[in-house]
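Comments concern the structure below.
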Amino acid sequence: MSIALNLAHGYLFNNEYDKAVKLYSEHLNNEIFPGYSFKDILKQDFEFFRKNDFDTTLMDKIINQLKL
């Protein structure tokens, strides 16, 4: 699952929004590690990106679309 998450991030930051949101939504409720869902890790990653001054334009759009 973490490979899918990293691939989706790659799509996101390569401005391939449709591919990114499709992959995020396909795995959103899957468990990556015991006690951690794909959604939990995704939220943590997005917070990291925000704190480290990544461009959040498409990320904010995904957050709204997936209701994170």
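The table for this structure:
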read-out: Qualifying positions in the stretch 22-68 - closer than 19 Å to I3 by Cβ and either touching a Cys at 6+ places or on another chain (Cβ under 6 Å) or of a type in the set (S, T, Y) (or both); value: Y24, S25, Y36, S37
read-out: Qualifying residue in the stretch 42-64 (condition: in a strand (DSSP E or B), modelled with pLDDT under 95 and of a type in the set (A, V, I, L, M)); value: no
read-out: In the stretch 14-40, the residues that are closer than 20 Å to T57 by Cβ and either touching a helix residue (DSSP H, G or I) at 6+ places or on another chain (Cβ under 8 Å) or not in a helix (DSSP H, G or I) (or both); value: N14, N15, E16, Y17, K19, A20, V21, L23, Y24, S25
read-out: Pairs where the first residue, in the stretch 37-63, is more than 16 Å from A20 (Cβ to Cβ) and the second is of a type in the set (D, E) and surrounded by 11 or more Cβ atoms within 10 Å (Cβ to Cβ), C-beta under 9 Å, 6+ apart; value: S37/E31
read-out: Given (1) surrounded by 15 or more Cβ atoms within 10 Å (Cβ to Cβ); (2) farther than 16 Å from Q65 by Cβ, index of the condition Q44 fails; value: (1)
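The values are calculated or read from the model by the stated rules, or taken from the named source; none is laboratory data. Note that the structure is predicted; figures quoted are calculated from it, not measured. Virtual Cβ from ideal backbone geometry, glycine too; neighbours counted across all protein chains shown.
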